[in-house]
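Let me begin by presenting the structure, written as structure tokens, before commenting on it.
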Amino acid sequence: MLFSKADGILDLRSFADFKAGHIKDATWMTWPELPEHLNELPASPAEFFLVGKAQAIEETSIFLDSKGYKVCGSLIIESPEAMHVWGEKVPGLLVSGSQSKTLWSPNSLLVEFTENLAFDAKKRRPSALDLGCGGGRDAVFLAKQGWQVSAIDNESRVIKRAKQLATRSGASVKFRCCDLKKTGCLTEETFDLVMVMRFLNRDLYEPIKQMIKPGGWLVFQTFTEGAEKFGSPKYPNFILKPNELSQVFSDFKIITDRMDSLSDGRPVASFIAQKPQDSV
């Protein structure tokens, strides 16, 4: 069936209708909510199978196309009864309940870091700061792992989406909306981990060093030279130079320093380093 080949099944109906019966492994997200919940979708060009009323499917298809996604098929359901009639034709595929599949995922470098960490975050409750947190996926992921997480971004609409993701995921994150370029945005608080994903502000290099506790970690991944060929980012201020991070953080113990590629082909530098224990 078409939905078995999709990256996600989006059920656009009301939550009551979704709970009454939906395709196994479907994700509930109504059409009016979708534009404000893009951070809960996988990266484009993912493919989706849509379930819902004809008008909602049409509007959602147009919107997803404008964002670089694809729709591989749809199932028009105008009533809960119609859903059950469909389910009788395909035994075993229709389930009930509120379980909605999670489609988003954190940065793979952050997952790599947590999987290789030597301590249990849920017992020690370490602290982390996410600079330029965007839609909040990495911050929420860490919070779900037991970390005490603070996250900063300068766009209020983005922070709103991040807070919504945290709420829907049952995670507690201290989000803050402020401009990292301005005095007062950063506090004197220190953290066991500072992470920077798809974001670059060279003026923060020294503050980042100071914000990491002795023995703490830096996880940094952002675009490097060659990304401009794909259209974004274009400006040198947002693009790392070769070996830039290893030079700036040469006083740290470098764990990972490599080049990776995103699903769209853009090159990124993946960097993990530990601050020396005897640092002041």
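The values are calculated or read from the model by the stated rules, or taken from the named source; none is laboratory data. Predicted model only: the values in this text are computed from it and were never measured. We place every Cβ from the backbone using ideal geometry, glycine too, and count neighbours over all the protein chains shown. For the accessible areas, the whole protein counts, side chains as well, though only heavy atoms, and no ligand, DNA or RNA atoms are used. Shrake-Rupley method; radii C 1.70, N 1.55, O 1.52, S 1.80 Å.
Take the stretch 171-194 and flag every residue that is open to solvent by less than 80 Å² (accessible area, probe 1.4 Å), assigned to a loop (DSSP other than H, G, I, E, B), of a type outside the set (S, T, N, Q) and in contact (Cβ under 8 Å) with a residue 12 or more places away in the chain.
Ala171, Cys178, Asp179, Leu180, Cys185, Leu186
Restricting the search to the stretch 4-29, which residues are surrounded by fewer than 22 Cβ atoms within 10 Å (Cβ to Cβ) and assigned to a helix (DSSP H, G or I)?
If the condition is that a residue be surrounded by fewer than 22 Cβ atoms within 10 Å (Cβ to Cβ) and assigned to a helix (DSSP H, G or I), then Ser4, Lys5, Phe15, Ala16, Asp17, Lys19, Ala20 are the ones that fit.
With the requirement that a residue be over 22 Å from Val140 (Cβ atoms) and either hydroxyl-bearing (Ser, Thr, Tyr) or crowded, with 16+ Cβ neighbours inside 10 Å (or both), what does the stretch 30-52 give you?
The answer is Trp31, Glu47, Phe49, Leu50, Val51, Gly52.
Tell me whether the stretch 95-103 contains one or more residues that are farther than 19 Å from Met29 by Cβ and open to solvent by 50 Å² or more (accessible area, probe 1.4 Å).
No, the stretch 95-103 contains no residue that is farther than 19 Å from Met29 by Cβ and open to solvent by 50 Å² or more (accessible area, probe 1.4 Å).
Of all the helices (runs of 4 or more DSSP H) wholly in the stretch 30-127, which have at least 3 residues that are of a type outside the set (S, T, N, Q), out of contact with any Gly (no Cβ under 7 Å at 6 or more places or on another chain) and free of Cβ contacts under 8 Å to residues at least 40 places away in the same chain?
Counting at least 3 such residues, we get 54-66, 80-89.
I'm trying to understand the selection: among the residues of the stretch 251-261, which are open to solvent by 30 Å² or more (accessible area, probe 1.4 Å) and assigned to a loop (DSSP other than H, G, I, E, B)?
If the condition is that a residue be open to solvent by 30 Å² or more (accessible area, probe 1.4 Å) and assigned to a loop (DSSP other than H, G, I, E, B), then Asp251 is the only one that fits.
Could you please let me know if Leu193 is modelled with pLDDT under 95, out of contact with any Cys (no Cβ under 7 Å at 6 or more places or on another chain) and not hydroxyl-bearing (Ser, Thr, Tyr)?
So Leu193 does not fit the description; no.
Can we say Phe141 is closer than 21 Å to Trp104 by Cβ, open to solvent by 20 Å² or more (accessible area, probe 1.4 Å) and of a type in the set (Phe, Trp, Tyr)?
Against the criterion (closer than 21 Å to Trp104 by Cβ, open to solvent by 20 Å² or more (accessible area, probe 1.4 Å) and of a type in the set (Phe, Trp, Tyr)), Phe141 qualifies.
Would the stretch 157-169 turn up any residue that is small (Gly, Ala, Ser) and open to solvent by less than 20 Å² (accessible area, probe 1.4 Å)?
yes
Taking the conditions exactly as written (surrounded by 13 or more Cβ atoms within 10 Å (Cβ to Cβ), under 30 Å from Glu188 (Cβ atoms) and among the hydrophobic types (A, V, I, L, M, F, W, C)), does Phe113 satisfy them or not?
So Phe113 passes the test.
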